[in-house]
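Worksheet for the structure shown next.
The values are calculated or read from the model by the stated rules, or taken from the named source; none is laboratory data. This structure is a prediction, so every number in the text was calculated from the model and none was measured. A quick note on method: Cβ atoms are made from the backbone with ideal geometry, for glycine too, and the neighbour counts reach across all protein chains shown. These area figures cover heavy atoms from the full protein model, side chains too; ligands, DNA and RNA do not enter into them. Shrake-Rupley method; radii C 1.70, N 1.55, O 1.52, S 1.80 Å.
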Amino acid sequence: MRDVAVVSFAQAPSVRREPDRNEVEILMPVVREARERSGLEKGEIDFICSGSTDYLAGQSFAFVSGLDAVGAWPPICESHVEMDGAWALYEAWVKIQTGYADAALVYGFGKASMGDLPEVLALQLDPYVLTPLWPDAVSLAALQARLCLEGGFVSERAMAEVAVRDRRHAKANPFAQVKGDFEPAKILSEPYLVSPLRKHDCAPISDGAAAMVIAAGDLARRVCPRPAWISGFTHIAEPQDLGVRELTRSRSTEIAAERAGVAKGALDVAEIAAPFTHQVLLVERALGVGAGTTVNPSGGALAANPVMAAGLIRIGEAARRVHDGTARRAVAHATSGPCLQQNLVCLLEG
């Protein structure tokens, strides 16, 4: 296996609604910043991969417009995934492992305010049985949360404490959308949004973008004083049918964490992309997070959740803490699909 590291990362501030810029205009300064921070010339980046969703734009191949932010001339080697940018990063990492590239630019972007995101996500479901019912993402998560509560796997108090912790951490993050000091007892007195979930249990809907540059071996060492080496990288998908899955645990995260080698050493930081408080608790358990690990120092997805970029941001935030020496070993998580259907784990070391 080739040594591959994150050498630079940039992101746009996450906002509920970006009224004045389209997706490309949000993305352009982020891509430029990631390139400049990498110290690599444009010609040294061999591969480009993006993550976004055409469903929000409502047209096929809408992702192609994102190339305007990159520049497609001279001709480039480029690919796209209809998923979070974390999976675009995985494709770029594989590209470098196979020897077809030594450096890659990865980005993810989404402008959720263009449509009704919870309903758009229903299109991920079984097209014959579930999608015609149009169950929105929050309602599906609420069904999962009810199973977890009645099974004794989580409590409403523990869920509220996750929301309080993450949004308190987000106060130090200038890119976060929801931040501040809250009290568990006070937010637990608020009405349900979709029982048993309250507003604080749900990630915000965000417009945003992120970009990252990764490089192999000596090239990474040349341009970055303290590269964040990717020492483990795996993603696992569970069945699409909710009825055949064990929704009170995240088995795919457990398998991904095991294959990535998360348990082989102490973790300083864990960045988790789960968009609901009960899911954060399930992922923490699946990763084996202990008391000595700082969870979501950036605030996590509960503080900023730009669709198709939230997972890449978690990896970028973990890498940033390796870069600055705050962490020696950090794990980042990304998720896709309803109720933690598909999960990715990326282990970073200094």
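Hey, any idea what the orientation-averaged projected area of the convex hull of the stretch 246-350's Cα atoms comes to, in nm²?
Across all orientations, the stretch 246-350 yields a mean hull projection of 5.8 nm².
Give the ranking of Phe63, Phe153 by solvent-accessible surface, highest area first, calculated with a 1.4 Å probe. Each step should come with its number before you reach the end.
Working: Phe63 35, Phe153 90 Å².
From most accessible down to least: Phe153, Phe63.
Mind pulling the per residue volume of the convex hull built on the Cα atoms of the stretch 1-41? Å³ is fine.
103 Å³
The stretch 63-135: D in µm²/s via Stokes-Einstein (Kirkwood Rh, Cα pairs, 4 °C, 1.567 mPa s)?
88 µm²/s
For the chain, find the longest principal axis of its Cα atoms and tell me its angle to the long axis of helix 137-150, 0 to 90°, nearest 10.
Approximately 60 degrees, to the nearest 10.
Return a whole-number percent for the relative contact order of the stretch 1-137, with Cα pairs under 8 Å and 6 or more residues apart as the contact set.
Relative CO of the stretch 1-137 lands at 28 percent.
P(r) of the stretch 21-103 in 5 Å steps, Cα pairs, percent per bin?
Binned Cα distances yield the sequence 3, 13, 23, 29, 20, 9, 3, 0.
Any idea what diffusion coefficient the stretch 132-242 gets from Stokes-Einstein, in µm²/s, Kirkwood Rh on alpha carbon pairs, 4 °C, 1.567 mPa s?
The estimated diffusion coefficient comes to 73 µm²/s.
Once the Cα atoms of helix 23-38 and of the chain are each reduced to a long axis, what angle between those two axes, in degrees from 0 to 90 to the nearest 10, is obtained?
Taking Cα atoms only, the helix is inclined about 60 degrees.
Counting only residues 5 or more places away or on other chains, whose amide H sits under 5 Å from the amide H of Phe233 once H atoms are built in the peptide plane?
Leu347
Mind giving me the FRET efficiency for Arg226 and Cys77? R0 is 25 Å, r the Cβ-Cβ distance, nearest 0.05 is fine.
0.35
With θ set to phi - 60°, apply the Karplus curve 6.51 cos²θ - 1.76 cosθ + 1.60 along the stretch 207-216 and write out the HN-Hα couplings as whole Hz, x wherever there is a Gly or Pro.
Whole-Hz 3J(HN,Hα) from phi for the stretch 207-216: 9, x, 7, 8, 9, 8, 10, 10, 8, 9.
Excluding ligands and nucleic acids, what accessible area in Å² is computed for Glu33 using a 1.4 Å probe, to the nearest 10?
60 Å²
If Met114, Met1, Met159 are ordered by their accessible area, calculated over protein heavy atoms with a 1.4 Å probe, which sequence runs from highest to lowest?
Details: Met114 90, Met1 180, Met159 0 Å².
Solvent-accessible surface, decreasing: Met1, Met114, Met159.
Just the number, please: percent antiparallel of the DSSP beta bridges in the chain, rounded to the nearest 5.
Working: 38 of 53 bridges.
In the chain, approximately 70 percent of DSSP beta bridges are antiparallel ones.
Give me the accessible area of Asp126, 1.4 Å probe, in Å² rounded to the nearest 10.
The accessible area of Asp126 comes to roughly 50 Å².
Order Glu246, Glu190, Glu23, most accessible first, counting only protein heavy atoms with a 1.4 angstrom probe. Mind showing how you got there, number by number?
Numbers: Glu246 100, Glu190 80, Glu23 30 Å².
Solvent-accessible surface, decreasing: Glu246, Glu190, Glu23.
When you have a sec, figure out the Kirkwood radius of the chain from all distinct Cα pair distances and drop it here in Å to one decimal? Could the numbers behind the result be given before it?
Numbers: mean 1/r = 0.0500 Å⁻¹.
It is 20.0 Å.
Ratio of alpha-carbon Rg to the 2.2 N^0.38 Å globular estimate for the stretch 121-160, to two decimals, please.
Normalised by 2.2 N^0.38 Å, the Cα Rg of the stretch 121-160 equals 1.43.
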